[in-house]
Number of protein chains: 2
Amino acid sequence: MLLERDLIQSVGFRNVREGDRVTGFQFRVRMPSYRGMAASLIDGIAVRVDDLVDVGADVPRWTFAGRTYTLAELWDGDGVRWPLEEAAIVTVPLDGGLPDGVHEVSIELRLRMSYIPEEHQPSTYRETRHITLSPEAPGGPFEYGVSLYSFMTDYGTVLDLETALAAVADVGATGVEILGEGHIAGYPEPTTEWIDRWFALLEQYSLEPTNYGSWIDTRLHSSGPNARALSAAEGAGMLQRDLRLAKRLGFRFVRPKIGVVSGDLVPDPIWTESVERSLDLAAELDVVICPEIHSPTPIKHPVVDDYIDLIERTGTKHFGLLLDTGIFQDRPIPLRPGELPGQRPAFLDGIAVDPADIADIAKYVVFIQAKFHDIDERLEDQQIPWQPVLQALKDAGYTGYLSSEYEGERIPWRSIEQVRRQHSLIRRIADGLD
Amino acid sequence: MLLERDLIQSVGFRNVREGDRVTGFQFRVRMPSYRGMAASLIDGIAVRVDDLVDVGADVPRWTFAGRTYTLAELWDGDGVRWPLEEAAIVTVPLDGGLPDGVHEVSIELRLRMSYIPEEHQPSTYRETRHITLSPEAPGGPFEYGVSLYSFMTDYGTVLDLETALAAVADVGATGVEILGEGHIAGYPEPTTEWIDRWFALLEQYSLEPTNYGSWIDTRLHSSGPNARALSAAEGAGMLQRDLRLAKRLGFRFVRPKIGVVSGDLVPDPIWTESVERSLDLAAELDVVICPEIHSPTPIKHPVVDDYIDLIERTGTKHFGLLLDTGIFQDRPIPLRPGELPGQRPAFLDGIAVDPADIADIAKYVVFIQAKFHDIDERLEDQQIPWQPVLQALKDAGYTGYLSSEYEGERIPWRSIEQVRRQHSLIRRIADGLD
């Protein structure tokens, strides 16, 4: 397990209950010293939240290794420790708790260092951070998940598998989506040890595997003097390898990302045969193959018609559509420093598909990747119009997963908090739908 | 194992040999995509190093899972993969290799993505970074180690234990120093599993445990209505707990950091009895207790005299002095943004102990923490005058460890590269001593 760099952790910020009553809230704090220490060396933590909470250093309770203490109990106790590698849980009493959303949390943490002259004691650490409460809104009729794609670049540099799954579970998500060649160590042949750990972590964090991302790499051998195209049989081989591995890890959906042959992302024609050859296996494994409808491809497009045609032609129940909500983006992704408007693909400004189009294909949609880029501190999404999108999905009868795909700036640790904001936002909107 | 955020990794940058000849150099590159991929999708990597090397994309060789390939071999091959979680090793032929020191390394990496239109292919990733070659200089008569203290704030957020030990070994260090309550999970009672893994990692990375940092927390119960001072018996208990644990993990030295009672860091008087009560155990375990001489305490100081007096009085071979090279700092640590010169302790400007003072106490010195703060791209230390310090140590007959303690800015991942620079610098200087 790894911790976020800020002292105040996003993960773990939640209301707490005693029986049916919400009695306060809690959040996690990373040890600011270079070492762990006996908890009797803590001289308290003052906490401020927006204009809602302002408590003195002796008020919050502290939880270490599953046991909770008052500050006075820590002072008098022995053997309780705040380890360097584990965040302390700080609980603040507040009748009714905090409302859903982003909060400005400030701390003043005091620690006694025996080796620093008294006149400079206690050592005091101040930090203010905007973090998002684990949402309370039920968010029906949808199910909520997170794709580990959200943690791109963070995964493997500041997040390991367990830390990522803990962050997913902490937003109240019940589903986790992965990329096969990305999040499975030793892909395509993970060790038994890795698979055992995968299932142990799923159980520990109460998560179910949802969708598994794969690739049909049509350009696998397209460089060099011996360059050649990928055959449909090879494409089927790739897809079937991932269907089997996905099933082994408990996934119900496999999204093959298919190589393209044109500027508007028309898939390589081998896709049809590669998929058709794999439908019997998909049925046998009870896994649904679901290519994505992804910007710049809109819903009304020959590619989508072809996918639907395959379903109708074969009568399969193991092929469907995956909608990526990036197609509804109706405001531009901000230009990067030095980037000029004409220098990048136009679709980055958003192709703004009308959510009403969902109705036409809803019966084929089996999974939704809830793509987004930036949600600000007021919980406003800067690109995706969630209200009409979610209303259209509900109207169309969709009750499956909304699986977060954060695709914004890759600033270390930012993805964790952005995913929290998205879940808080879309569950609140879902609760308010007609 | 975790990777550094930059595509070009510091760890792993080294010359390569075939037999006795240095035939080139290699470095590691993190996969820039959000997924791992088949290595036949690599379209090469152009590499530039200073004005010394400039090779085209088809020149470097690639190593995956211990096997090395030309680019043409990757194109024609099957089943070789560049996993998301593992850096590729890129080897560039260069007769005689690179000289020790910091180098400006630039890459242009090309990857083929089947799902992006041909007109935008290959995907090209450019990066330039200053990284330090694993030093070739032998650096005698000293031994070289690293304290995991160097990785403060990185440890547990961007470095786990194995990644940290791999970084230590990669500078050619043979010794590793830890802080007991900091780097031992479950301190003071690590699991057998943790201990087994500790020894397995030491063996894997060819490292020996050197010094173990502990604390005599004299203010353990100094807050609250029941506040009380720590007794000498309790201080001895703390020290003995750490002596036993240090021994169990293979350490030869234990540095207790003792609580202080004055502005100039005079230790709590209980230290004498706490130590004397523990000398028999130290002898039994063959572990040397070595408090540190640490800025602002200079070598010529009553505290140091007291330490020496204990050695002379008891005749013990299991108590000695640890020198922290921060006492030789002769230029200021830069002010932080907004910090004014008078607002911080004067010792941050450096107490500039004369390295000639080492001679007076050299026979008692058992370990050296090679404290430093900032080494620039020209390999110049901004605070510590290594040449006279290392000359004085050599003249005094010291042949033990120089154990890095990086104490500069806590920018994520910076510590890794700073430690590399220090080892490159001090080994080069050591080789040039009279």
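The values are calculated or read from the model by the stated rules, or taken from the named source; none is laboratory data. Here the structure is a predicted model, which is why all the values come from computation and not from measurement. We place every Cβ from the backbone using ideal geometry, glycine too, and count neighbours over all the protein chains shown. What goes into the accessible areas is simple: the full protein's heavy atoms, side chains included, and nothing from ligands, DNA or RNA. Shrake-Rupley method; radii C 1.70, N 1.55, O 1.52, S 1.80 Å.
Selection of region A:38-52 for residues being open to solvent by 10 Å² or more (accessible area, probe 1.4 Å) and under 30 Å from the mean Cα position of the chain (by Cα) yields A:48, A:50, A:51, A:52. With respect to the conditions (1) open to solvent by 30 Å² or more (accessible area, probe 1.4 Å); (2) aromatic (Phe, Trp, Tyr); (3) closer than 21 Å to residue B:30 by Cβ, residue B:75 falls short on a single one, namely (3). Output the residue which, of all residues in region A:1-13 that are of a type outside the set (A, V, I, L, M, F, W, C) and surrounded by fewer than 21 Cβ atoms within 10 Å (Cβ to Cβ), is farthest from residue B:415 (Cα to Cα). Applying the filter and picking the extreme gives A:12. Counting residues in region A:174-185 that are on the phi > 0 side of the Ramachandran plot and part of a loop (DSSP other than H, G, I, E, B) gives zero. Could you tell me whether region B:53-62 includes any residue that is within 30 Å of residue B:154 (Cα to Cα) and modelled with pLDDT of 95 or more? Yes - at least one qualifying residue is present in region B:53-62.
Restricting attention to region B:293-307, the residues that are open to solvent by 30 Å² or more (accessible area, probe 1.4 Å) and touching a strand residue (DSSP E or B) at 6+ places or on another chain (Cβ under 9 Å) add up to 2. Taken over region A:120-138, the criterion of being assigned to a strand (DSSP E or B) and either open to solvent by 10 Å² or more (accessible area, probe 1.4 Å) or more than 30 Å from residue B:223 (Cβ to Cβ) (or both) is satisfied by A:123, A:124, A:125, A:126, A:127, A:128, A:129, A:130, A:132.
Return yes or no: is residue B:279 crowded, with 23+ Cβ neighbours inside 10 Å, under 22 Å from residue B:211 (Cα atoms) and modelled with pLDDT of 95 or more? Here the answer is no, as residue B:279 does not meet what is asked. The test for being surrounded by fewer than 19 Cβ atoms within 10 Å (Cβ to Cβ), in contact with a Lys or Arg (Cβ under 8 Å, 6 or more places away or on another chain), within 14 Å of chain B (Cβ to nearest Cβ) and without any contact (Cβ under 8 Å) to a residue 60 or more places away in the chain does not hold for residue A:117.
Screening B:23, B:63 for residues that are within 17 Å of residue B:97 (Cα to Cα) and part of a strand (DSSP E or B) leaves exactly one candidate, B:23. Within region A:313-330, restricting attention to residues that are in contact with a strand residue (DSSP E or B) (Cβ under 9 Å, 6 or more places away or on another chain) and of a type outside the set (A, V, I, L, M, F, W, C), which residue is nearest to residue A:291 (Cα to Cα)? The extreme case among them is A:320. Among the residues of region B:148-169, none qualifies, meaning not one is surrounded by fewer than 20 Cβ atoms within 10 Å (Cβ to Cβ) and over 22 Å from residue B:3 (Cβ atoms). Being assigned to a loop (DSSP other than H, G, I, E, B) and in contact (Cβ under 8 Å) with a residue 60 or more places away in the chain, is that true of even one residue in region A:186-209? No - not one qualifying residue is present in region A:186-209.
Residues of region B:1-20 that are among the charged types (D, E, K, R) and either closer than 15 Å to residue B:90 by Cα or part of a loop (DSSP other than H, G, I, E, B) (or both): B:4, B:5, B:6, B:14, B:17, B:20. Do we find a residue being out of contact with any Cys (no Cβ under 9 Å at 6 or more places or on another chain), surrounded by fewer than 22 Cβ atoms within 10 Å (Cβ to Cβ) and within 22 Å of residue A:285 (Cβ to Cβ) anywhere in region A:209-216? Checking region A:209-216: at least one residue is out of contact with any Cys (no Cβ under 9 Å at 6 or more places or on another chain), surrounded by fewer than 22 Cβ atoms within 10 Å (Cβ to Cβ) and within 22 Å of residue A:285 (Cβ to Cβ).
Per-residue answers, yes or no, for (1) over 30 Å from residue A:129 (Cβ atoms); (2) assigned to a loop (DSSP other than H, G, I, E, B):
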{"position": "A:353", "(1), (2)": "yes, yes"}
{"position": "A:387", "(1), (2)": "no, no"}
{"position": "A:390", "(1), (2)": "no, no"}
{"position": "A:405", "(1), (2)": "no, no"}
{"position": "A:408", "(1), (2)": "no, yes"}
{"position": "A:415", "(1), (2)": "no, no"}
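Against the list (1) within 14 Å of chain B (Cβ to nearest Cβ); (2) open to solvent by 50 Å² or more (accessible area, probe 1.4 Å); (3) not β-branched (Val, Ile, Thr), the condition residue A:220 fails is (2). Scanning region B:1-24 for residues that are touching a residue at least 60 places away in the same chain (Cβ under 8 Å), more than 14 Å from chain A (Cβ to nearest Cβ) and not basic (Lys, Arg) returns B:12, B:13, B:15, B:16, B:22, B:23, B:24. Residues that are assigned to a strand (DSSP E or B), more than 14 Å from every other protein chain (Cβ to nearest Cβ) and of a type outside the set (A, V, I, L, M, F, W, C) within region A:96-113 comprise A:103, A:104, A:106, A:108, listed in sequence order. Residues in region A:246-299 that are of a type in the set (Asp, Glu) and at positive phi: A:286 alone. Would you check if residue A:350 is under 21 Å from residue A:173 (Cα atoms) and open to solvent by 10 Å² or more (accessible area, probe 1.4 Å)? For residue A:350, the condition - under 21 Å from residue A:173 (Cα atoms) and open to solvent by 10 Å² or more (accessible area, probe 1.4 Å) - is not met. With respect to (1) among the polar types (S, T, N, Q); (2) open to solvent by 50 Å² or more (accessible area, probe 1.4 Å); (3) more than 14 Å from chain A (Cβ to nearest Cβ), the lone exception for residue B:70 is condition (3). Once region A:139-157 is narrowed to residues that are touching a Phe, Trp or Tyr at 6+ places or on another chain (Cβ under 6 Å) and outside any helix (DSSP H, G or I), the residue that is farthest from the other protein chains (Cβ to nearest Cβ) is A:143. The C-beta contact set for region B:38-56 (first residue more than 13 Å from every other protein chain (Cβ to nearest Cβ) and part of a helix (DSSP H, G or I), second residue open to solvent by 20 Å² or more (accessible area, probe 1.4 Å) and basic (Lys, Arg), distance under 8 angstrom, 6+ apart or interchain) is empty. The number of residues in region A:234-276 that are within 14 Å of chain B (Cβ to nearest Cβ) and surrounded by fewer than 21 Cβ atoms within 10 Å (Cβ to Cβ) comes to 11.
Pairs are defined by a Cβ separation below 7 Å, a sequence spacing of at least 6 or placement on different chains, a first member in region B:386-411 that is more than 12 Å from residue B:323 (Cβ to Cβ), and a second member that is open to solvent by less than 60 Å² (accessible area, probe 1.4 Å) and among the basic types (Lys, Arg); the pairs so defined are B:407/B:371. Those residues that are charged (D, E, K, R) and modelled with pLDDT under 95, I need them from region A:222-268; list them, please. Correct list: A:264 only. If you go through region B:247-294 and keep only what is in a loop (DSSP other than H, G, I, E, B) and within 30 Å of residue B:174 (Cβ to Cβ), you end up with B:249, B:250, B:251, B:252, B:278, B:286, B:287, B:290, B:291, B:294.
Within region B:173-187, does at least one residue satisfy the condition of being of a type in the set (Ser, Thr, Tyr) and facing another protein chain (nearest Cβ under 10 Å)? Checking region B:173-187: at least one residue is of a type in the set (Ser, Thr, Tyr) and facing another protein chain (nearest Cβ under 10 Å).
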